[in-house]
1. I'd like the interface area for chains A and B: accessible area of each alone minus the complex, both sides summed, 1.4 Å probe, protein heavy atoms only. What is it in Å² to the nearest 100?
2. Using the heavy atoms of the protein chains and a 1.4 angstrom probe, tell me the accessible area per residue for the stretch B:78-267 in square angstrom.
3. Counting only other chains, and only Cβ atoms inside 10 Å, what mean value do you get across the residues of B:208-217?
4. Two decimals is fine: what's Rg over Rh for the protein assembly as shown, C-alpha atoms, Kirkwood radius as Rh?
5. In terms of Cα to Cα distance under 15 Å, which aspartates and glutamates are near enough to B:LYS143, apart from those fewer than 8 places away along the same chain?
6. Tell me the Kirkwood radius of the stretch B:1-120: reciprocal of the mean inverse pair distance over distinct alpha-carbon atoms, in Å.
7. Just tell me how shielded B:21-32 is by partners: mean number of partner chain Cβ atoms within 10 Å of each residue's Cβ, no decimals.
8. According to the square roots a ≥ b ≥ c of the eigenvalues of the Cα gyration tensor, what is the shape class of chain A, taking rounded for a/c under 1.5, prolate for a/b larger than b/c otherwise, and oblate for the remainder?
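The values are calculated or read from the model by the stated rules, or taken from the named source; none is laboratory data. Keep in mind that what you see is a predicted model, and the values were worked out from it rather than measured. Note that each Cβ is placed from the backbone with ideal geometry, even for glycine, and that neighbours are counted across all protein chains shown. The protein model used for the area step is the full one, side chains on, heavy atoms only, and it has no ligands, DNA or RNA in it. Shrake-Rupley method; radii C 1.70, N 1.55, O 1.52, S 1.80 Å.
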Amino acid sequence: MEENKRIVKDCKVVIIGGSAGSLQALLQILPFIENPISFAIVIVVHRKNSDEQTLEALLALKANIVVKEVEDKVALKSGFIYIAPSNYHLLFERNETLSLDTSEKINYSRPSIDVSFESAAEIYGSSLIGILLSGSNSDGTLGMKAIEQAGGITVVQNPVSAEMSFMPNNAILHSQPDYILKTEEILEFINGINKETT
Amino acid sequence: MIEDIELEALINDVYEYYGFDFGSYSRASLKRRVSRVFYLDGFKHFHEFLSKVRTDPDYCKRMIDEITVNVTEMFRDPSFYLVLRNEILPLLGTKPFIRIWHAGCSTGEEVYSMAIMLKELGLLHKSILYATDINAAVLETAKSGIFPLRMIKDYADNYRDSGGQQDFSDYYIANYGFAKFSEELSEKMVFSQHNLVSDTSFNEFDLILCRNVLIYFDNNLQKRVVNLFDDSLAVLGFLALGTKETIKYSISQTKYKQFEREKIWRKIKE
């Protein structure tokens, strides 16, 4: 992994966004995250409207960490994974709950990565880490900029290791990610969060 | 994005000047919606926006119409409609008369979906569908039964996935990019403006649908609204919410029984 540019500590939330090809990356990362985690993981990936629960079921099966069902106003707690439900935007409230919104699609997507990243940036500021994975749409770039401006840390999947490079490339082109990491390096990065660095 | 403090100033002014209370709306969504109108209408400074809202009632009305979310679709969540069609409506069909309330009906797509199912089950003639919303503009669209044609393919898919077996195109006439739904469907609909935040119960119903409305409210307001539904629901009547909503935190669970794993609850006692 490249030199730590900023020490990652006091992280409360890691938000991960992705579209086409991101499931593959998630399946290479989630099963190997060291349990327990001292932060919450929120996953926002593009999916079919008709996919009501399959993604949750698959990730719950594969992940090493408990996946909590996201219902309206559920409390966001460290130690768990939360997945944005299909056909809703996922938002963050000041009282550390998650809320949902069915408003217009953004970047042809609901859930939209930008919407959730921007909302998380507002609430969690420098305690937030945003990770953007593979995809073939520009969603996520504005969200990464919002996290950057709010003092959070941004990580983009290295386009060479992404099945679809458009989404990570677009973020690299239009924002200044703190890290550009290959899939296995993202795992290593997550496992280092909130831990002493040498 | 506007600032939290600006949003609170707007909420206070809209309440003070016009009596509409957004104080119990979920802030994250409301803030996005207000920011959207603010930029859409070309404002540069928040105080200009605030002053326009205060001094121009027509503009305030537009602002409210724009901040309320009016995205809906026909047969949204087909599996939910399949349960309505196969299990809930046949139960209600044993009654001489069926009263249904669509609370927060937006542009009416779900009301027309309901009318189609009632018609196919031979129940429409003895049903009445009340459809209400806070937003007067969307009610006009709902009344007209005219929806964009580009959405119809998705709706026809939803209709089939929810157990519909007729030719969906028999229900509308397509013209100039719009689909106008048959007046036979809207004959039994009554539309009126109703604010869940401040208005009271106005009738007793056998089925109340309020899908993806409570998500915009905080816990206190959700409690108020669920109790309003409780006051408006006959014993053995049903309450249906959106797929991610619950009454669990709002009302005593001894009064309501969840229908299988659906977001449908039956009122089992007064």
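1. Buried: approximately 2200 Å² between B and A.
2. 42
3. Taking all residues of B:208-217 together, the mean is 3.
4. Checking Rg against Rh, the ratio lands at 0.99.
5. Leaving aside aspartates and glutamates fewer than 8 places away in the same chain, those within reach of B:LYS143 are B:GLU109, B:GLU110, B:ASP133, B:GLU183, B:GLU184, B:GLU187.
6. Radius from the Kirkwood sum: 17.0 Å.
7. Taking all residues of B:21-32 together, the mean is 5.
8. Rounded shape, in that the Cα axes give a/c under 1.5.
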